[in-house]
Each structure stands twice: as structure tokens, then as C-alpha cells.
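These notes concern the structure reproduced below.
What follows draws every value from the coordinates through simple rules; no lab data is involved. Since this is a predicted model, take the numbers as computed values, not measurements. All Cβ positions, even for glycine, are placed from backbone atoms using ideal geometry, and neighbour counts span all protein chains on display.
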Amino acid sequence: MIVLPSVQAGITGYSGVDLDFKNYISKIETADAASLETATKNAIKAFILGCKFDGIWSSIMSCAIFAGARTLNGALSTLKGDALTNNLFVTADYNRQSGLLGASGKYLNTNLTNTIDAANKNTVHAATYTTTATHTGYTLGSDTTANGTIALRPYATTASIFRAHNAGSIDNSGASTFPVPIVGFAGVSRSTSTDVNLYYKTSTGYFSGTNTVSSVTVVPTNIYVFDRSNTGLQYNNRIAFYSVGTYLDLVKLEARVKTLIDTYVSLGLA
């Protein structure tokens, strides 16, 4: 088990106000037309500085925290990456503690293509953090199975799917070595042309494993959240966080995200 240093330890070495934190808070508060609570801002600061301390911040290319902000517009403000294109999400879908509720026809376009690193198809990660899960749709994905897609469909009982620039699926269903994920973190991260790492919550704890699945040439298509390029397989429960980018340590990312969302719950944000 990896023991992570405290966030406070991670703050050492960052003097003054962290610019990424400052810019993100400004973006949220502008979208909310209101200030965030000090405790909420401190939780966000701990997350950002923690990711930097862990050495995973630079690998995140597109990311949003669908919780914490006062309004839907604030929640759709990206922590990193281009602005999201919203399709049909409305204010009633948003909860400050549990995130954004999906439904048929609702999805977000990240406006980032699945090429991720155009010079190297062998470095990629994708992760989501759900707070409710009863549906088999995609929490995140890009286009079809044959073009080096990125995909997370982690809650199906018969065909849970993980892809990271591979044409076929890493299917965790029906095998004792791949227990079916439950509500919480689910991620896939490719570090080489052959190695793909999985890390996700199950009913008996976290599963972590490396699979031998070759990468293929990537056909550029945009990455969606709550769907796979608007193919009609929308995830109809709540997602509180997503991240896509180059290879990173999924264990470290999960620990930072869980702490953040747990803090929002403990604060009783409403």
C-alpha cells in the first residue's frame, strides 16, 4: 500500500498564492456571481497543491470538479483544459456535495481529442469519480472501439469496459481477478505501448492491476463526459469529478479526489 504524505507537507515549497488555485477560484466565483466559503476554497487549494506535491498535476490536461461550486455554471468551470460544451444539463441536475446528475441525452464535450499526446500514443489516463451508480452507460469516452478510443464504462454487470488507446476492451466483468466496480473512483492509465493500469473501487476495496493490451493508432475524436461521443449510452447517475491526460499514478489521484469530495460532504454544502 502506498502511504501518501499529508497535503500540509505538500504545501511546503509553494510561496504566496498558487496561481492555478487563484485562477480556478476566480473562474468559479465569476461563473457563480458569488464568493465561495473559505472552507470550500481551502479544500480546493489542498487538492491542487496535493496533486502538485504528488507529481501528477502536469499530467492532467482536462479536468473539472462537478461539486463545491454554488451554481451549475461554476461547477462546469474546468480546473484544467478548454471550456466544456454543455448539452441539456440544467440547474436542477446539480448538487454541491454529490455532483452532476446525468440522464438520457445529457453529456459534456471536453473539446479535447483522444489523441491526448499527439507525439506519443502510449501515454494516457482517464478517470471519473461517481457518487451514485445504477446504470451501465459510459462515464467518459470517445467514439467507437476500433480507433484507439478512451472509454470508461465501469458499472455494467456484464460488460464493464476500460480503454486507453487500445482497440479492444479491457473487460473486468465475469472474472474473479476483475471485481465489478461500485460507486467511487474508476480509472485507466497507459504507461507504455503494452501496459495499461486499472484502479477502481469495488465492494471489497480497491482493485489495482496491470494488463497487457497493445496500443493502436489513434483516430482523433473528442472526449465526452457522461457518454461516448453522444452515442446514446449516457450515464444517468452522478459524477463529481473527471480527469483525462497523459499517464499518471491513479492511486495518488484517487486519494486526492476522495479527500476533496469527502470534505465537501463533511462541510454540508448546500
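Alpha carbons only, please: Rg and Dmax for region 19-172, in angstrom.
Rg, Dmax (Cα atoms, Å): 16.3, 47.
Below 8 Å between Cα atoms, with a sequence gap of 6+, how large is the relative contact order for the chain in percent?
Relative contact order, the chain: 24 percent.
Hey, with R₀ at 30 Å, roughly what FRET efficiency would Thr144 and Asp20 work out to, going by the Cβ-Cβ distance, to 0.05?
So the FRET efficiency works out to roughly 0.30.
May I ask for the equivalent-ellipsoid semi-axes of region 139-270, computed as the square root of five times each C-alpha gyration tensor eigenvalue and listed largest first in whole Å? Don't skip to the answer; put the middle values down first.
Working: eigenvalues 111, 59, 44 Å².
Over the Cα atoms of region 139-270, the semi-axes work out to 24, 17, 15 Å.
Let's see if you can work this out: charge +1 on each Lys and Arg Cβ, -1 on each Asp and Glu Cβ, no other charges. What is the dipole magnitude of the chain about its Cα centre, in debye to the nearest 20?
Roughly 140 debye for the chain.
So what's the net charge close to Leu19: Lys and Arg +1, Asp and Glu -1, counting the other residues with Cβ under 15 Å from its Cβ?
+4
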